[in-house]
Amino acid sequence: MSKGQGKQRQKAKRQAKKLAERRRSSVSPLKRLAEARGEAECWMSGDFDLNGQTQIFAWKQGAGLTGVACFLVDRGVVGLKDAWTRLRIDRSEFLDMVDGCKRRGIPMHRVSLDEVRRWVAGGLRWAQDNGMRLPKDWPKTVSLIGGVGDWASADVSQFVKEFAGHPEDLRQRLVGQPVDDYLKRTDVAFVFNEDAPYMDQRTGEYSNSPDALGFDDDDELDELDEDELGSIAADVPAEELNAMADRFTPAALALTAETIDWLKARGETPTTGVFEAWRSVMLAAMISKQAMPDADEKDVADFGFELLRDMSARIEKSAFAEYDRAVGQVLAHLETDSMMMQKAVLKHGLAGGADELPDAAASGPG
């Protein structure tokens, strides 16, 4: 190995270590709020036996952040039926949500945080004991109420062996057992209703109802927090990511030439993946900027790094080592001029159209 190659490998290792440390030190807003001091303000709907389920809202403020954790607990075998969080909710908005339930005839009352934890823990245990799928993001949601302890031994005395709802809901919630076999159980009472609302477990969308938790369509429940955004790149097919990256080809070609000249001037050998690295960095910057328009620069940068990691799945294994080294070289070059990408896009445009890139390439993911 030549002296120049040794230096290049050391440089790549330092860059990789720097990126890894940055990712480790990155803490999502939800986690910061969950770990902040202060107790949540909790509200819960009443008459669990009569209504067959209860809605629970827990609002918390801390570390300069606000957010609400929402739970839907079913008294039947479904147990914990839904769990999700929404950040950037001030107290007046939270109380409007509670009042909205009251206006719909759903009685709400203040409860202690311990009571919320007992109900959620019971719902978790009852669902698992009866072979039901748990809500996808329940660990994140319960983190906002400080966890629920040893829920496997929670009190389930107020739950019953019944399923009341849409048959499709039962089919999608069952884990490890065909619905036909489950229907043979004599210890469970089944009351099916084709008009009952249910959540598609694949999409998270409710059918037969705007929202099972009783919110208006215009409550902007489709807003994503940073943790939810983290799966965007992983969920987009590789061919779609490649098509999006293709739009940056003119600017990426120009930036590649600049990076190669910059590296050579420093006595470093450019890797063969510089062009693809530039396209990935620009695509990550675009998605992170558009997905988090109101977030601060550090949060956008941290999310951009997560996107870069997810996007690496579209790179052929045989080319990954060179690509990974190239990303480090590109990010190092970008540190010399944070406006580099924006200048390249403005000068060379986007492939397939001359429409403006909405601040997407103003800065990189780091």
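The values are calculated or read from the model by the stated rules, or taken from the named source; none is laboratory data. The structure presented is a predicted model; accordingly, all values stated were derived computationally and were not measured. Note that each Cβ is placed from the backbone with ideal geometry, even for glycine, and that neighbours are counted across all protein chains shown.
Tabulated values for the structure
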item: Qualifying residue in segment 286-294 (condition: at pLDDT below 85, among the basic types (K, R) and surrounded by 15 or more Cβ atoms within 10 Å (Cβ to Cβ)); result: yes
item: Count - residues of segment 119-144 that are without any contact (Cβ under 8 Å) to a residue 40 or more places away in the chain, crowded, with 18+ Cβ neighbours inside 10 Å and more than 15 Å from V156 (Cα to Cα); result: 0
item: Looking only at segment 240-275, and only at residues there that are aromatic (F, W, Y) and part of a helix (DSSP H, G or I), the one that is nearest to K347 (Cα to Cα); result: F275
item: Condition broken by R185, with the remaining ones in (1) buried (at least 18 other Cβ atoms within 10 Å of the Cβ); (2) in a loop (DSSP other than H, G, I, E, B) satisfied; result: (1)
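So that you can scan it fast, the table gives a plain yes or no per residue for (1) modelled with pLDDT under 95; (2) of a type in the set (A, V, I, L, M, F, W, C):
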| position | (1), (2) |
| --- | --- |
| A63 | yes, yes |
| E93 | yes, no |
| R103 | yes, no |
| P107 | yes, no |
| A127 | no, yes |
| N130 | no, no |
| G147 | no, no |
